[in-house]
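Right, one structure below, let's go through it.
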Amino acid sequence: MIRAKRLSTRSVRSAAAGSWIALVAATTLGDAADAVRAKVRADGLSAGRVYRLVVQSYDRQPGENPGKYARPIGSVQRSVTADELRDGVHVSLVEFRQKIADGVAGDPLIMAWIDVGEPDLEFDGRMARPRAGSVYGVVKRSAGQDVVQISLNRKVAT
C-alpha cells in the first residue's frame with residue numbers, strides 16, 4: 001500500500017503563494033524543501049554582452065556575506081543580457097535543507113552575481129563562486145517574503 005505524505009500547513013501555504021516549483025517541492029519533499037523567488041536587477045552593464053547570472057541561497061549566516069566554505073542550500077544559473085538585468089530578471093530556486101532540531105532555520109541569505117559569458121555545464125550553479133571583479137548583491141529573506149529584490153551593486157574585491 002502507498003501512503004500519502006502528510007504536508008505541513010507551512011509547506012502548503014508556501015506552495016500556494018509561490019510558483020509551480022514551490023508546489024513540486026512541497027508535494028515531493030515536504031518541509032525539507034522550500035522555494036525562493038527573486039528579482040535580480042543591475043544597471044550600467046555593457047549592452048550586447050551575455051552574462052551568466054548565478055543565484056544562491058544559504059541558511060542563516062553570521063555577517064552579511066556567506067563564509068568562504070558555506071554551502072548553498074539552493075541555487076540556479078542562467079544566461080541573461082544587460083537589457084534583461086536592467087528590467088529585472090525573475091528566478092525561482094528550490095532550497096534543500098536538513099531538518100533542524102528546534103524547527104527554526106532563521107532568515108536565509110540570498111546572493112546573486114554575474115560573470116561575463118554563458119552558464120557552464122553545471123546545471124544549477126551550486127558549486128559556482130564569484131570571481132574577483134564580479135558584480136554581486138546580497139539580501140536576507142524574511143519569513144513570509146514573497147519575492148526577494150536583489151540589486152547587483154557591489155564588486156568582489158580583487
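For the stretch 35-48, how many residues meet the condition of being outside any strand (DSSP E or B) and surrounded by 12 or more Cβ atoms within 10 Å (Cβ to Cβ)?
2
Whether any residue in the stretch 36-43 is acidic (Asp, Glu), out of contact with any Leu (no Cβ under 7 Å at 6 or more places or on another chain) and modelled with pLDDT of 90 or more is what I want to check.
Scanning the stretch 36-43, I find at least one residue that is acidic (Asp, Glu), out of contact with any Leu (no Cβ under 7 Å at 6 or more places or on another chain) and modelled with pLDDT of 90 or more, so the answer is yes.
The values are calculated or read from the model by the stated rules, or taken from the named source; none is laboratory data. Nothing here was measured: the structure is a model prediction, and the numbers come from that model. Note that we place each Cβ from the backbone using ideal geometry, even for glycine, and neighbour counts take in every protein chain shown.
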